[in-house]
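Accompanying notes for the structure given below.
The values are calculated or read from the model by the stated rules, or taken from the named source; none is laboratory data. This one's a predicted model, so the numbers in the text were calculated from it and none came from an experiment. Don't worry about glycine lacking a Cβ; one is built from the backbone with ideal geometry, like all the others, and counts go over all protein chains shown. With ligands, DNA and RNA removed, areas are computed over all heavy atoms of the protein, side chains included. Shrake-Rupley method; radii C 1.70, N 1.55, O 1.52, S 1.80 Å.
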Amino acid sequence: GIAMGSDAPVAVLVARACAGDQTGWDALVDRYGCTVIAVCRRYRLSDADAADVRQTVWLRLLESLPKLRDAEALPGWLVTTTRRECVRLRRLALRCDALPGDGEILDESEDAVVDLDLLRAERHAALRAAFADLPTRCQLLLRMLMGDPPTPYEEISRQLNMPIGSIGPTRARCLSRLRESPFLVALTEEVDVRRTRD
C-alpha cells in the first residue's frame, strides 16, 4: 500500500479524501493548514475572523474536492480561496465600521431576515460537511432513503449487501452520527449563543 503519512503524494491524499477516507482528509488539512494560516496572517485578521476564514476554506474544499481535476493545483486553489475569503471579511468589517449608529438603517425585521439567511446558509454548509464526514456506507444508505422517490428496501438490501432487517437500525445509527457531527454541534452552539445574547 502507499504510505498514508504527510509524505504521500497530494494526488493520493485527494483521492483518499474524495473516497471519504478521514485519514486522507486529515493529512491534507495537516499539510496545507499552515498555508491557509499564513495567508490569513497577511491580511491581519482578528483571531475570530481568521478562524472563520479557515473553516470556510476547508468547507469549500470539501465541496470542491470531487471537481478538482489536478491535485497538484490544490495549494494554489487553497491560497486563492483563502485570499478571497479574507478580502470578503475585510470588506464586511469595513462596511460595518462605516455604518451609522444602530438602527438607523435596518429596522428589526430586515435585520432578522438577514440573520435568518445567514443562518440558513451556515446550516446548509454545516449539514453538507457533516454528511461528507459520515462513513461512505452511511452516505450511500441515506442518499437512497432520501431520494425522490426513496429506493425500496429490497433494492437497498441488494445494492449495499445488507439484510433488510438491519436497514432501519443502520439508518437510525447513521442519522444520530450525523446529529452528533462536530460540524453541526458547533453550529447549534453558535445559534444558542446568539439567542442568549439577544
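In the assembled protein chains, Ser64 presents an accessible area of approximately 30 Å² (probe radius 1.4 Å). Taking θ as phi - 60° and the Karplus parameters 6.51, -1.76 and 1.60, the scalar couplings of region 134-145 work out to 6, x, 3, 4, 5, 4, 4, 4, 5, 4, 5, 6 Hz in sequence order, x denoting glycine and proline.
Assign one of three labels to region 23-80, namely rounded, prolate or oblate, based on the Cα gyration tensor with a ≥ b ≥ c the square roots of its eigenvalues; rounded applies when a/c is under 1.5, prolate when it is not and a/b is larger than b/c, and oblate otherwise. Can you show the working numbers first?
Details: a/c = 1.90, a/b = 1.77, b/c = 1.07.
Cα axes put region 23-80 in the prolate bin.
For Arg44, Arg16, Arg177, give me the order by solvent-accessible area with a 1.4 Å probe, most accessible first, ignoring ligands, DNA and RNA.
Numbers: Arg44 205, Arg16 85, Arg177 135 Å².
Per-residue accessible area, sorted high to low, gives Arg44, Arg177, Arg16.
May I ask you to rank Leu13, Leu94 by accessible area, largest first, using a 1.4 Å probe over the protein chains only? Let's see the in-between values first.
Values: Leu13 0, Leu94 110 Å².
Largest to smallest exposure gives the sequence Leu94, Leu13.
The packing ranking of peptides 84-93, 132-141, highest mean first, is 132-141, 84-93, where packing means the average number of other beta carbon atoms within 10 angstrom of each residue. With a Förster radius of 22 Å applied to the beta-carbon distance between Arg177 and Asp21, the computed FRET efficiency rounds to 0.85. For Tyr43, the accessible area of its heavy atoms, probed at 1.4 Å with every protein chain present, is near 50 square angstrom.
Take the Cβ-Cβ distance between Asp148 and Asp70 as r, set R0 to 30 Å, and report the resulting FRET efficiency rounded to the nearest 0.05. The computed FRET efficiency comes out at 0.30. Ranking Thr81, Thr23 from most to least accessible surface, computed with a 1.4 Å probe over the protein chains only, gives Thr23, Thr81. Residues in region 82-93 carry Karplus couplings, in order, of 5, 4, 4, 5, 4, 4, 4, 5, 4, 4, 4, 4 Hz; the curve used is 6.51 cos²θ - 1.76 cosθ + 1.60 with θ = phi - 60°, and Gly or Pro positions show x.
Model label sites at Val29 and Tyr43, defined 7 Å from Cα along the beta-carbon direction, differ in position by 2.0 nm.
Gain in length, Val12 to Arg158, computed as 0.36 nm per residue apart minus the alpha-carbon separation, to one decimal in nm? Don't skip to the answer; put the middle values down first.
Details: separation 146, 0.36 × 146 = 52.56 nm, distance 3.06 nm.
Using 0.36 nm per residue and subtracting the Cα-Cα distance, I get 49.5 nm.
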